[in-house]
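Below you'll find the structure, written out as structure tokens, and then a few comments.
The values are calculated or read from the model by the stated rules, or taken from the named source; none is laboratory data. Owing to the predicted nature of the structure, the values given are computational and were not obtained by experimental measurement. No Cβ is skipped: glycine too gets one built from the backbone with ideal geometry, and neighbour counts run over all protein chains shown.
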Number of protein chains: 2
Amino acid sequence: MKPAIPQGTRDFDAATIYKREYILDIIKEQFVLHGFEPLETPAFEKLETLMGKYGDEGDKLIFKILNNGLDKKDNPDAVRQNFENVLSGKNDSKITQRALKYDLTIPFARYVAMNYGKLAMPLKRFQIQNVWRADRPQKGRYREFTQCDADIVGSGSLLNEIELSNIYKNVFEKLNIPVEICINNRKVLTALSQLCGPENSMTTLAIAIDKLDKIGLEKVLDELRKRELTEDAIEIVKKYLATQELSTNEEKLENIATLLGENENGKEGIEELKTVLATCPYLNIDFTLARGLDYYTGSIFEVKPTDVKIGSIGGGGRYDDLTSLFGLKESVAGVGVSFGVDRIYDVLEESKLFPEKISNRKTVLLINFGTEYVAGLSKISGVLRGKNISCTLFPDAKKIDKQFKYANRKNFDYVLLYGEDEQEKNTVQLKNLTSGEQSNCSVDEAIEIIQKS
Amino acid sequence: MKPAIPQGTRDFDAATIYKREYILDIIKEQFVLHGFEPLETPAFEKLETLMGKYGDEGDKLIFKILNNGLDKKDNPDAVRQNFENVLSGKNDSKITQRALKYDLTIPFARYVAMNYGKLAMPLKRFQIQNVWRADRPQKGRYREFTQCDADIVGSGSLLNEIELSNIYKNVFEKLNIPVEICINNRKVLTALSQLCGPENSMTTLAIAIDKLDKIGLEKVLDELRKRELTEDAIEIVKKYLATQELSTNEEKLENIATLLGENENGKEGIEELKTVLATCPYLNIDFTLARGLDYYTGSIFEVKPTDVKIGSIGGGGRYDDLTSLFGLKESVAGVGVSFGVDRIYDVLEESKLFPEKISNRKTVLLINFGTEYVAGLSKISGVLRGKNISCTLFPDAKKIDKQFKYANRKNFDYVLLYGEDEQEKNTVQLKNLTSGEQSNCSVDEAIEIIQKS
């Protein structure tokens, strides 16, 4: 049998893990500094928790888990009927009752609904976990990938938008990725749809406008024509989208205010944008920003790197109600942002922005000259490790050039030799593999050399 | 719909996550100091990678994933036949091709076999990831749990056993858990089985002896009688197990050497034990230690807390061949240890050994007196966060007692007040929620107070 990894999944080796941790540590640090606390939910949820929450397209991408012990069923005919149900597109709890989580939002909503009485509101949680989607694998799209979300629920205050914007700003500054952090407000889009005629929904407009980057203005307008927008309405949408040509937030706001006139939603949306911008002047208003998901009701965000063409590397927004899906009477409003970890990784790689050495910890390979030196090496490595230096004792007394080759291949910082001479004189030989420098010294001196480098 | 979490799984809230991280950080630190590098493999593997590797009992506990798009199949009759196959206990790739990983060893073996030519040997990897088993949930046993393994493969040297023993010793010392780290060698068990008669396998003996703790001596012997061991053989096993009554490693080794006589396996096993003990005198020989898994061939380990009755919290051993299952011609020997993270958590909890405050980071709640102070609060929190202090701006200008109640409930270290007076005088009021001490001071002075506490 030839071993293989499932399509759309990846093994992460040490070098990749260190780079991913570099990204995640920076994000986590900002989450924690801004008062967010971690949450972890299981890899799988009950099927009914997930189904029907992501639209028809989403539902099809959910990985369902086969119930266990099917082969022990005492009534094969009954089980056959259950299979028939699955065949005809229904869910059948006799066949599958669990599914891998598709995102972090719905499991979070389930958690909040389940524990509502016990949770102090507002609740600020971050969650960094894998999710799974049965998407067709392609470059940059995987069946297992990491989502990284922060949400504040139980508060409608715009201060939350300000805090989340600051997190975006700080994270990408720390990562040295130049970005544009865009903001819009769904209330402005609602106003636009109302202006286009009472029969048009905000969602129709949002879904069409969301494709602007991909398909261009003319095709967006065509799509809206197909949705039976009048030519007058199309003209309004054109004027609306044209604001993106203006260079300052002030000009954009002024233009939109004129376009939307006395519409209450429009006025509210514009007011909210102004409030957030007053504290976060680094944000860019982008009225063409729509976000595909239909549960956003207020501010929406998107982050794009300015120097790399890769689409968005972050996004989020405000929602009015997270938990009514789970029968909670109290409506839990909130706002959240998320980071696209895989794409951020690609941006850092492409722009060569990963630090050359991610860990400051020095690594030493202790050369093995045979069993008579093991006790000594064991003692030396204990002292070095006590000083936070990572040591590997080469386990077999192979030829010294093989051991050095290993040291180079595994990128050790130092090689330490301890043989007959050194044992006698109670010294070690330390070789810096980068500079080639070699020292004959005591263990304490060796530690000093390593720590200073 | 009433929200619920799947049976046998858990949500981890912040307090639990911090405690789990406390454990995992200590373990990871030792792995890294001993030269191990991280590896991560996907949550699911191809079904054929996992099936047939864990015995019949294990196979039944593997969570299989339903193929996607079943409902779109254009030939329902064919799919029906596929279901029939699954019904009759066969695997059918039209129904399921993937399964959640059951442990970390087999995915690691798959990784090594897949990448053998590219990997520098010896390979030292650690892996801390979740695994899933469709076990009946019960106290302390979950369907999703974390495994934590370190293995060295590509080397038969006993130095590896020494290094891994040191990791056990250091980790439990750092966790302040008094433990007994037990060692035995499968070669000694092989010798015993040979002594009991040529038709007896080491595995039979190992499986029976492994139950000693649970079922007691008499039942173990009964089980061996059922396996048709002669009464002479039973007498030998009794003498063998009686060595556990002896108090020192030396006495045990001497006794066993006499019992096993000239048996080559026995002599080898004893010699190996002596070599490891020479550098790791803190190990306890336990000849009744057998370990259930049948792939161990040399040293075996088990760690038990001395003050809490909970069974083993760590275990491992040496195996001759990791990868032949995957068709690799080169046989890859290795040795590994694993930590039972969930049980370690329970031991620390039961013995009250978790540090009172796991994080040193101070947390501050900034009281919200209304929108006119938001700009000021935003600035102050920026300065505090720059000094590594975690800040939460209470998002809504609720009554001050409600905000204080929140601060207490969420265990903030400090509350910071910034209202009309403070804005005018460019000061803040800082209240230590533990001591009750209150200071009217500048932001810099507040930082100093917080950092000193």
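Cβ separations smaller than 9 Å between residues 6+ apart or across chains give the following pairs from segment B:124-141 residues that are of a type in the set (A, V, I, L, M) to residues that are exposed (fewer than 14 other Cβ atoms within 10 Å of the Cβ) and at pLDDT below 95: B:ALA134/A:GLY69.
What about A:ARG110, is it in a strand (DSSP E or B), within 10 Å of another protein chain (Cβ to nearest Cβ), at pLDDT 95 or above and farther than 22 Å from A:ARG343 by Cβ? So A:ARG110 fails the test.
Only one entry in A:VAL332, A:VAL276, A:VAL347, A:VAL308 is touching a residue at least 12 places away in the same chain (Cβ under 8 Å) and closer than 30 Å to A:THR49 by Cα, namely A:VAL332. Beta carbons closer than 9 Å, at least 6 apart along the sequence or on distinct chains, pair a first residue in segment A:102-122 that is without any contact (Cβ under 8 Å) to a residue 24 or more places away in the chain with a second that is surrounded by fewer than 19 Cβ atoms within 10 Å (Cβ to Cβ) for A:ASN115/B:ASP11; A:ASN115/B:ASP13; A:ALA120/B:LYS405; A:ALA120/B:ARG409; A:ALA120/B:LYS410.
Would you pick out the residues in segment B:369-392 that are touching a Phe, Trp or Tyr at 6+ places or on another chain (Cβ under 8 Å) and not small (Gly, Ala, Ser)? Selection gives B:PHE369, B:TYR373, B:LEU377, B:ILE380, B:THR392.
Output the number of residues of segment B:48-59 satisfying the condition of being surrounded by fewer than 20 Cβ atoms within 10 Å (Cβ to Cβ) and either modelled with pLDDT of 95 or more or at the interface with chain A (Cβ under 9 Å from one of its Cβ atoms) (or both).
Adding up the residues that qualify gives 1.
Per this entry, A:GLU268 is not counted among residues that are buried (at least 17 other Cβ atoms within 10 Å of the Cβ) and in a helix (DSSP H, G or I). Determine if segment A:312-324 includes at least one residue that is within 12 Å of chain B (Cβ to nearest Cβ) and surrounded by fewer than 20 Cβ atoms within 10 Å (Cβ to Cβ). Yes - at least one qualifying residue is present in segment A:312-324.
Of the numbered criteria (1) in a loop (DSSP other than H, G, I, E, B); (2) within 14 Å of the chain's Cα centre (by Cα), the one A:ASP25 fails is (1). Based on this model, can you work out whether A:GLN451 counts as of a type in the set (S, T, N, Q) and free of Cβ contacts under 8 Å to residues at least 60 places away in the same chain? So A:GLN451 does not fit the description; no. When only residues in segment B:232-259 that are within 21 Å of B:GLN194 (Cβ to Cβ) and among the charged types (D, E, K, R) count, which is nearest to the chain's Cα centre (by Cα)? This residue is B:LYS252. For B:GLN429, the criteria (1) closer than 23 Å to A:PRO38 by Cβ; (2) in contact with a Cys (Cβ under 9 Å, 6 or more places away or on another chain); (3) more than 10 Å from every other protein chain (Cβ to nearest Cβ) hold in every case but one, which is (1).
Any residue at all in segment B:229-244 that's at positive phi and not hydrophobic (A, V, I, L, M, F, W, C)? No, segment B:229-244 has no match at all. Pairing each residue of segment A:373-386 that is more than 7 Å from chain B (Cβ to nearest Cβ) and closer than 18 Å to A:ILE450 by Cβ with any residue that is part of a helix (DSSP H, G or I) and small (Gly, Ala, Ser), provided the two are 6+ apart or on different chains, yields C-beta distances under 8 Å for A:LEU384/A:ALA446.
Before we move on, is A:GLY154 surrounded by fewer than 16 Cβ atoms within 10 Å (Cβ to Cβ) and on the phi > 0 side of the Ramachandran plot? So A:GLY154 fails the test. Candidates B:ARG291, B:ARG361, B:ARG385: the one that is within 30 Å of B:ALA446 (Cβ to Cβ) and modelled with pLDDT under 95 is B:ARG361.
Could you list all residues from segment A:4-33 that are crowded, with 20+ Cβ neighbours inside 10 Å and more than 7 Å from chain B (Cβ to nearest Cβ)? A:ILE23, A:ILE27, A:GLN30, A:PHE31, listed by residue number. Taken over segment A:343-358, the residue count meeting the criterion of being touching a Phe, Trp or Tyr at 6+ places or on another chain (Cβ under 6 Å) and at pLDDT below 95 is 1.
In this structure, is B:VAL308 away from every other protein chain (no Cβ under 14 Å), surrounded by fewer than 23 Cβ atoms within 10 Å (Cβ to Cβ) and either not in a strand (DSSP E or B) or not basic (Lys, Arg) (or both)? When the stated conditions are applied, B:VAL308 passes them. Taken together, A:VAL179, A:VAL171 contain a single residue that is within 30 Å of B:THR146 (Cβ to Cβ), buried (at least 16 other Cβ atoms within 10 Å of the Cβ) and at pLDDT 95 or above, which is A:VAL171. Checked against (1) within 21 Å of the chain's Cα centre (by Cα); (2) modelled with pLDDT under 95; (3) facing another protein chain (nearest Cβ under 10 Å), B:GLU144 meets all criteria but (2).
Taken together, the residues in segment A:180-211 that are over 27 Å from the mean Cα position of the chain (by Cα) and not hydrophobic (A, V, I, L, M, F, W, C) amount to 9. Per this entry, A:LEU205 is not counted among residues that are closer than 17 Å to A:ASN255 by Cα and touching a residue at least 60 places away in the same chain (Cβ under 8 Å).
With respect to being facing chain A (nearest Cβ under 9 Å) and assigned to a helix (DSSP H, G or I), B:ILE62 falls outside the description. Would you say B:LEU241 is part of a loop (DSSP other than H, G, I, E, B) and not small (Gly, Ala, Ser)? No, not satisfied.
Applying the selection to segment A:433-450, what residues are among the β-branched types (Val, Ile, Thr) and part of a strand (DSSP E or B)? First the steps, then the outcome.
The first filter runs over segment A:433-450 and keeps only residues among the β-branched types (Val, Ile, Thr), leaving A:434, A:443, A:447, A:449-450.
Residues satisfying the conditions do not exist here.
From the list A:ILE400, A:ILE367, the one residue that fits, being surrounded by 20 or more Cβ atoms within 10 Å (Cβ to Cβ) and either closer than 22 Å to B:ALA120 by Cα or in the same structural domain as A:PHE301 (by TED's automatic domain parsing) (or both), is A:ILE367. Considering (1) outside any loop (DSSP other than H, G, I, E, B); (2) surrounded by 14 or more Cβ atoms within 10 Å (Cβ to Cβ); (3) more than 12 Å from every other protein chain (Cβ to nearest Cβ), the lone condition that B:GLU349 does not fulfil carries the number (2).
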